[in-house]
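Asker: One structure, as structure tokens, below. Some questions next.
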Amino acid sequence: MDRWLWAVRLTKTRSDAAAACKGGHVRVNDRPAKPATAVSPGDEVRARVGDTTRIVEVVRVIQKRVGAADAVGCFIDRTPPPPPPTEAPAQVARRERGAGRPTKRERRVLDKFRTGQF
């Protein structure tokens, strides 16, 4: 399992793939996978890579790392698209560090900004 994850470029290093397997972040056909778990064509692999969960179907089993163009042909990506971004985070009134106490005019502008009258 760890060798296949590394060979098809789902993880950067084989040790990262092994650590993901040991940590319970990789599942094959809805079962936890160890680094030595064998994969075969048709298996569904769920691997948490970074902060996203990749869902792939094994098409071809390879043992050695290949180029990115060849690696794409070894699996079918069934990962759902990410949700659309929600509304933009609220703006925060910021002043430069070390600018000292705000003047009366700056305080009025900040108050308008905080109450939404800006």
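Asker: Return a single number: how many Lys pairs in the stretch 5-118, at a sequence separation of 8 or more or on separate chains, have alpha-carbon atoms below 20 angstrom apart.
Answerer: Lysine pairs satisfying the spacing and distance rule in the stretch 5-118 number 6.
Asker: Excluding ligands, DNA and RNA, what is the solvent-accessible area per residue of the chain at a probe of 1.4 Å, expressed in Å²?
Answerer: I get 76 Å² per residue for the chain.
Asker: Sticking with this one: Could you state the angle between the C-alpha long axis of helix 104-115 and the longest principal axis of the C-alpha atoms of the chain, as a value from 0 to 90 degrees rounded to the nearest 10?
Answerer: On a 0 to 90 degree scale, this one is about 50.
Asker: Rank 19, 88, 69 by mean-square fluctuation in a GNM of the chain with C-alpha springs under 10 angstrom and give only the top-ranked residue.
Answerer: Highest fluctuation of the listed residues: 88.
Asker: Just grab the label-to-label distance for residue 16 and residue 65, each label 7 Å out from Cα along the Cβ direction, in nm (one decimal).
Answerer: Distance between the two pseudo-spin positions: 1.0 nm.
Asker: While we're on this one: From largest accessible area down, sort 79, 115; use a 1.4 Å probe on the protein chains.
Answerer: Correct descending sequence by accessible area is 115, 79.
Asker: Sticking with this one: Given axes a ≥ b ≥ c from the Cα gyration tensor, I'd like to know whether the chain is rounded (a/c under 1.5), prolate (a/b larger than b/c) or oblate.
Answerer: Here the chain falls in the prolate category.
Asker: Report the residues of the stretch 20-35 in range of a label on residue 78: point 7 Å along Cα→C-beta, backbone N strictly under 17 Å from it.
Answerer: Only 26-33 fall inside the zone, counting backbone N under 17 Å.
Asker: Now a separate question. What's the carbon and sulfur percent of the stretch 1-77's accessible surface, probe 1.4 angstrom, rounded to a whole number?
Answerer: For the stretch 1-77, the apolar C and S fraction of the accessible surface comes to 50 percent.
The values are calculated or read from the model by the stated rules, or taken from the named source; none is laboratory data. As the structure is a computational prediction, the values presented were derived from the model and not from experiment. Heads up, the Cβs are rebuilt from the backbone with ideal geometry, glycines too, and the neighbour counts pull from every protein chain shown. Please note that ligands, DNA and RNA were not included when accessible areas were found on the heavy atoms of the full protein model with its side chains. Shrake-Rupley method; radii C 1.70, N 1.55, O 1.52, S 1.80 Å.
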